[in-house]
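K.L.:
Got a structure here, written out as structure tokens. Questions coming.
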Amino acid sequence: MSGYSHPYWLEVPALKGSLEKPLDAEIVIIGSGLSGVSTAYWLQEKGYSNLLLVDYEPDTAASFRNCGHILYGTVESMQALVALHGEDIARQLWALSIDICHEVRETILRHQIQAHYRQDGYLVIAIDESEDREIHQSIELLRKNGFASEYVDQAKLQKLGFRNIFGGRFEPGSAQAHPTLFRNGLLEVCLKRGLRYHSGVKVESVEETGDRVRLRTQPWGHLHADAAVIAANAYSPLLSGFFERHRLVEPFRGQIITRRPFKNHQFPVRYPHSFDHGYEYAIITEDNRLMIGGWRNRTEGGELGTYEINVNPLVEQGLQEFVNTHYDLTEKVEWEFSWSGIMAASKTGFPFIGPTDSQRIFTCSGYTGHGFSWAHGSAKILADIINGDPVPEIVREKCNPRFFM
Ligand SMILES: Cc1cc2nc3c(=O)[nH]c(=O)nc-3n(C[C@H](O)[C@H](O)[C@H](O)COP(=O)(O)OP(=O)(O)OC[C@H]3O[C@@H](n4cnc5c(N)ncnc54)[C@H](O)[C@@H]3O)c2cc1C
């Protein structure tokens, strides 16, 4: 396989910032992935103009290493969410996730960002009987709470080109997009509005000192701002004592493989789909490639706690075998790209949006795998918080980073 740990999405290079020494700013945003760029975007929408965006080794960001799914809900099924948090919280969370997905769509439309956005839905496929039961329960709960969701039986799934499966759940509102094109397009909007963006700034710590925030950086020493936003998701504990002390997020490695474009084979299901409780997830790209990720739950340790973005050959092999087992393909599979990226599992199961232990140091992070939409939507909510505007009740109750203080 060529392109060792090189994501297909980075065939479109990520825009990078200036390599010169950055100047102090009113608000500094640490991280230029979907969270950081979205934070800059939404703060500009509120009228903030003196913003500085910094990053370090941006090509390793999960934002360019995901599967392009923009999904309603969270990483948990509705059945699991209700079991974990109760029906009222689960309903509020699901509704918020829908609003958040629609924010991505509205932003793309507003700025005509060419990001291969398609809102074709999402199919959750059961590969064993117990998952099939969970799907039935989730559909019942979703419908009861006013959300569209339908059961797809085994025969229909077989017609759609899947094998060794049970039933599935189809939900029409989810979408997909090219993450690098979306992030670059959004960043261009911000740069045109005056955002200052610097790459190669390794933030080692961020702390409040009197009425300012001080960042210790390599190679530029101290940078100062009135406020800072930690938008480094899985990397946040490496630069923030608050994240490290409270273990708000745990890094884990996800992995994806992508095939050369199929010449003749046509997939009836080109939109996001997943198997085995979401542990395997796939799409068909614009140029007719099968992209599939996951399989970490079958490894020892579940790929938890690592920042290494080299690929695990066992996972690569597992994913290839998974495709052979579950897809009906009329063409030989020739894998071309294989890569991994680091996501952040949230300690609470909710993203963290708001001030940390300092009223000047904020974060939006901790999306447990659903960061494409949540990063953009959480950043919008964070801009509301920074600006003193109202936020949804569920965010105040469940997404407060100070939960553990
Ligand atoms: C394999 C895989 C598949 C995924 N699939 C999906 C999917 O299909 N759908 C979905 O919704 N989500 C998916 N995700 C999750 C999603 O990609 C992430 O949740 C989201 O991209 C997080 O964005 P972010 O901007 O918060 O963090 P990241 O994209 O990780 O960005 C972190 C930023 O912090 C910067 N940074 C880190 N350390 C420092 C430092 N010391 N100093 C300065 N800057 C620093 C980096 O340069 C980078 O810019 C997937 C993730 C992976 C890895």
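The values are calculated or read from the model by the stated rules, or taken from the named source; none is laboratory data. Computed from a prediction, not measured in an experiment: that's the story for all the values here. Backbone-built Cβ (ideal geometry, glycine too); neighbour counts: all protein chains shown.
K.L.:
Scan region 1-21 residue by residue and report those that are in a loop (DSSP other than H, G, I, E, B), modelled with pLDDT of 95 or more and among the polar types (S, T, N, Q).
P.N.:
none
K.L.:
Taking strands (runs of 3 or more DSSP E) that fall entirely within region 152-234, which contain at least 2 residues that are exposed (fewer than 15 other Cβ atoms within 10 Å of the Cβ), within 15 Å of the ligand (Cβ to nearest atom) and not aliphatic (A, V, I, L, M)?
P.N.:
202-209, 221-230
K.L.:
May I ask you to list pairs of residues, at least six apart or on different chains, whose Cβ atoms are under 9 Å apart, with the first in region 359-376 being basic (Lys, Arg) and the second being part of a loop (DSSP other than H, G, I, E, B)?
P.N.:
These pairs meet every condition: 360/211.
K.L.:
A follow-up question, please. So, residue 381, is that one within 15 Å of the ligand (Cβ to nearest atom), outside the structural domain of residue 46 (by TED's automatic domain parsing) and of a type in the set (A, V, I, L, M) or not?
P.N.:
Details: within 15 Å of the ligand (Cβ to nearest atom): yes; outside the structural domain of residue 46 (by TED's automatic domain parsing): no; of a type in the set (A, V, I, L, M): yes.
No, not satisfied.
K.L.:
Same structure again: Within the set of pairs 6 or more residues apart or between chains, which connect a residue that is at positive phi inside region 297-323 to a residue that is in a loop (DSSP other than H, G, I, E, B) and buried (at least 17 other Cβ atoms within 10 Å of the Cβ) with Cβ atoms less than 9 Å apart?
P.N.:
303/312
K.L.:
While we're on this one: Could you figure out which of (1) under 23 Å from residue 194 (Cα atoms); (2) in the same structural domain as residue 366 (by TED's automatic domain parsing) isn't true of residue 61?
P.N.:
Unmet for residue 61, out of (1) under 23 Å from residue 194 (Cα atoms); (2) in the same structural domain as residue 366 (by TED's automatic domain parsing): (1).
Let's see how each residue does on (1) touching a helix residue (DSSP H, G or I) at 6+ places or on another chain (Cβ under 7 Å); (2) surrounded by fewer than 18 Cβ atoms within 10 Å (Cβ to Cβ):
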position	(1), (2)
252	yes, no
263	no, yes
266	no, yes
272	no, no
282	no, no
288	no, yes
301	no, yes
308	no, yes
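K.L.:
Shifting gears a bit: So which of 368, 325 ends up being hydroxyl-bearing (Ser, Thr, Tyr) and within 16 Å of the ligand (Cβ to nearest atom)? Full working, then the answer.
P.N.:
Details: 325 fails: within 16 Å of the ligand (Cβ to nearest atom).
Criteria check complete, one pass: 368.
K.L.:
From the list 349, 318, exactly one residue is within 15 Å of the ligand (Cβ to nearest atom) and part of a loop (DSSP other than H, G, I, E, B). Which is it? Talk me through it step by step, then tell me what you get.
P.N.:
Working: 318 fails: part of a loop (DSSP other than H, G, I, E, B).
Answer to the check: 349.
K.L.:
Evaluate region 312-319: report whether one residue or more is closer than 18 Å to residue 60 by Cβ and surrounded by fewer than 18 Cβ atoms within 10 Å (Cβ to Cβ).
P.N.:
The initial filter retains those residues of region 312-319 that are closer than 18 Å to residue 60 by Cβ, namely 312, 315.
Then drop every residue that is not surrounded by fewer than 18 Cβ atoms within 10 Å (Cβ to Cβ), which leaves none.
No, the conditions are met nowhere in region 312-319.
K.L.:
Please state which of the following conditions residue 95 fails to meet, knowing it meets all the rest: (1) among the small types (Gly, Ala, Ser); (2) within 17 Å of the chain's Cα centre (by Cα); (3) more than 14 Å from the ligand (Cβ to nearest atom).
P.N.:
(2)
K.L.:
Give region 215-227 a look and list any residue that's more than 20 Å from residue 19 (Cα to Cα) and either small (Gly, Ala, Ser) or free of Cβ contacts under 8 Å to residues at least 40 places away in the same chain (or both), or say none. It would help to see each step written out before you state the result.
P.N.:
Let us first name the residues in region 215-227 that are more than 20 Å from residue 19 (Cα to Cα), namely 226-227.
Matches in region 215-227: 227 only.
K.L.:
Next question, about the same structure. Do we find a residue being part of a strand (DSSP E or B), buried (at least 23 other Cβ atoms within 10 Å of the Cβ) and at pLDDT 95 or above anywhere in region 364-384?
P.N.:
Keep residues of region 364-384 that are part of a strand (DSSP E or B), which gives 364-365.
Now restrict to residues that are buried (at least 23 other Cβ atoms within 10 Å of the Cβ): 364-365.
Imposing the further condition that a residue be at pLDDT 95 or above reduces the set to 364-365.
Within region 364-384, one or more residues are part of a strand (DSSP E or B), buried (at least 23 other Cβ atoms within 10 Å of the Cβ) and at pLDDT 95 or above.
K.L.:
Has region 386-397 got any residue that is outside the structural domain of residue 306 (by TED's automatic domain parsing), within 15 Å of the ligand (Cβ to nearest atom) and out of contact with any Cys (no Cβ under 6 Å at 6 or more places or on another chain)? Please lay out each step first, then the result.
P.N.:
Filtering region 386-397 down to residues outside the structural domain of residue 306 (by TED's automatic domain parsing) leaves 386-397.
So of that shortlist, the ones also within 15 Å of the ligand (Cβ to nearest atom) come out as none.
So far as region 386-397 goes, no, none of its residues is outside the structural domain of residue 306 (by TED's automatic domain parsing), within 15 Å of the ligand (Cβ to nearest atom) and out of contact with any Cys (no Cβ under 6 Å at 6 or more places or on another chain).
K.L.:
While we're on this one: Provide a single number: the residues in region 25-53 that are touching a helix residue (DSSP H, G or I) at 6+ places or on another chain (Cβ under 6 Å), over 12 Å from residue 190 (Cα atoms) and away from the ligand (no atom under 13 Å from the Cβ).
P.N.:
Looking only at that region, the number is 1.
K.L.:
Determine whether residue 341 is part of a helix (DSSP H, G or I), modelled with pLDDT of 95 or more, within 15 Å of the ligand (Cβ to nearest atom) and touching a helix residue (DSSP H, G or I) at 6+ places or on another chain (Cβ under 6 Å).
P.N.:
Working: part of a helix (DSSP H, G or I): no; modelled with pLDDT of 95 or more: yes; within 15 Å of the ligand (Cβ to nearest atom): yes; touching a helix residue (DSSP H, G or I) at 6+ places or on another chain (Cβ under 6 Å): yes.
No: the conditions fail for residue 341.
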